[in-house]
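Q: Following this message is one structure expressed as structure tokens.
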Amino acid sequence: MNLPNKITISRIFLIPVFLILMLVPFNWGTIKLPGTEMEVAHFIGALVFIFASVTDWVDGYFARKYNLVTDLGKFLDPLADKLLVSAALIVLVEMQLAPSWIVILIISREFAVTGLRLILAGTGEVVAANILGKIKTWSQIIAISALLLNNIFFEAIDFPFATVALWVALVFTIWSGYEYFAKNKAVFKNSK
């Protein structure tokens with residue numbers, strides 16, 4: 001297994017660490033941040049999420065730079081992203097920081113596109129993430145990070161950046177999902 005794929009798998013293994021930090025009541029006290037205050041465990045959990053998210057860029061960088069792009073990587077990378085983002089969104093609903101209907105729409109799109117990828121894989125085609133899919137992923141990561149960090153930096157100026165970012169992520173999520181299905185609609189015509 002090459003380095004980019006190992007980095008991708010490490011992202012998957014960081015998900016339980018993130019969940020434990022966010023959901024187990026550690027009572028480590030609170031930390032003051034610019035414009036907000038939050039529990040230490042939640043702050044560390046948010047940093048774990050951000051670190052895991054950055055590995056998405058790192059594995060892609062190494063895969064492209066050293067020509068280590070593989071079909072396994074094309075499959076694992078979006079799967080790792082979906083698992084990490086879905087786990088974080090569900091945590092945000094549990095913590096009452098994100099509306100469940102938005103989370104349901106985002107996760108539903110992720111399942112739908114994964115299903116499409118599986119259908120295409122059955123025909124021998126591996127679909128790598130396109131630029132719109134990458135923008136979708138990063139808009140979700142930015143929104144989740146801002147929500148996990150209690151709208152850090154923006155709370156002091158009373159600007160709901162985290163909420164705006166979540167809406168932007170929702171728009172890119174729906175748009176990119178539509179694009180995947182529009183570009184691959186032939187697979188449904190051929191499945192009669």
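The values are calculated or read from the model by the stated rules, or taken from the named source; none is laboratory data. Keep in mind the model is a prediction, meaning the values are calculated, not measured. Don't worry about glycine lacking a Cβ; one is built from the backbone with ideal geometry, like all the others, and counts go over all protein chains shown.
Q: Can you work out which of the residues in the range 78-132 that are among the charged types (D, E, K, R) and either surrounded by fewer than 19 Cβ atoms within 10 Å (Cβ to Cβ) or under 11 Å from the mean Cα position of the chain (by Cα) (or both) is nearest to K189 (Cα to Cα)?
A: Looking only at the range 78-132, we keep the residues that are among the charged types (D, E, K, R), and these are 81-82, 94, 109-110, 117, 125.
This time we only want the ones that are either surrounded by fewer than 19 Cβ atoms within 10 Å (Cβ to Cβ) or under 11 Å from the mean Cα position of the chain (by Cα) (or both), so: 81-82, 94, 110, 125.
On the way: D81: 29, K82: 27, E94: 40, E110: 22, E125: 16 Å.
Once the filter is applied, the top-ranked residue is E125.
Q: Of the conditions (1) over 18 Å from F75 (Cα atoms); (2) modelled with pLDDT under 85, A146 satisfies every one except a single condition; which number is it?
A: (2)
Q: Restricting attention to the range 17-35, does a residue exist that is surrounded by fewer than 17 Cβ atoms within 10 Å (Cβ to Cβ), part of a strand (DSSP E or B) and polar (S, T, N, Q)?
A: Yes; the residues of the range 17-35 include at least one that is surrounded by fewer than 17 Cβ atoms within 10 Å (Cβ to Cβ), part of a strand (DSSP E or B) and polar (S, T, N, Q).
Q: Another one. How many of the residues in the range 10-27 are at pLDDT 95 or above, more than 15 Å from L148 (Cβ to Cβ) and either of a type in the set (F, W, Y) or in contact with a Lys or Arg (Cβ under 7 Å, 6 or more places away or on another chain) (or both)?
A: The total comes to 1.
Q: Just one of the numbered conditions (1) touching a Lys or Arg at 6+ places or on another chain (Cβ under 8 Å); (2) at pLDDT 95 or above is not true of F75; which one?
A: Single failed check for F75: (2).
Q: Return the pairs, sorted by first residue and then second, in which the second residue is among the hydrophobic types (A, V, I, L, M, F, W, C) and surrounded by fewer than 16 Cβ atoms within 10 Å (Cβ to Cβ), the first residue lies in the range 35-48 and is free of Cβ contacts under 8 Å to residues at least 60 places away in the same chain and closer than 11 Å to M22 by Cβ, the beta carbons are less than 8 Å apart, and the residues are 6+ apart or on different chains.
A: Pairs found: E39/F26; E39/W28; E39/I31; A41/V24; A41/F26; A41/W28; V48/V17.
Q: Kindly list, by first and then second residue, each pair from a residue in the range 5-16 that is at positive phi to a residue that is surrounded by 19 or more Cβ atoms within 10 Å (Cβ to Cβ), limited to pairs with Cβ atoms under 7 Å and residues at least 6 apart or on different chains.
A: Hits for this filter: zero, empty list.
Q: Can you name the condition, by its number, that D77 falls short on among (1) in contact with a Pro (Cβ under 9 Å, 6 or more places away or on another chain); (2) closer than 20 Å to V168 by Cα; (3) not hydrophobic (A, V, I, L, M, F, W, C)?
A: Condition (2) is where D77 drops out.
Q: Can I ask one more? All but one of (1) on the phi > 0 side of the Ramachandran plot; (2) of a type outside the set (S, T, Y); (3) in contact with a helix residue (DSSP H, G or I) (Cβ under 9 Å, 6 or more places away or on another chain) hold for L97; state the number of the condition that does not hold.
A: Failing condition for L97: (1).
Q: A follow-up question, please. Among the residues of the range 131-144, are any touching a Lys or Arg at 6+ places or on another chain (Cβ under 8 Å) and of a type outside the set (V, I, T)? Let's see the steps before the verdict.
A: Just the residues of the range 131-144 that are touching a Lys or Arg at 6+ places or on another chain (Cβ under 8 Å), to begin with: none.
Taking every residue of the range 131-144 in turn, none turns out to be touching a Lys or Arg at 6+ places or on another chain (Cβ under 8 Å) and of a type outside the set (V, I, T).
Q: Next up: Which one of the conditions (1) farther than 18 Å from F172 by Cα; (2) out of contact with any Asp or Glu (no Cβ under 8 Å at 6 or more places or on another chain); (3) surrounded by 14 or more Cβ atoms within 10 Å (Cβ to Cβ); (4) not small (G, A, S) does Y61 fail to meet, given that it meets all the rest?
A: Every listed condition holds for Y61 apart from (3).
Q: Identify the single condition in (1) under 24 Å from G177 (Cβ atoms); (2) modelled with pLDDT under 95 that M38 does not satisfy, given that it satisfies every other one.
A: (1)
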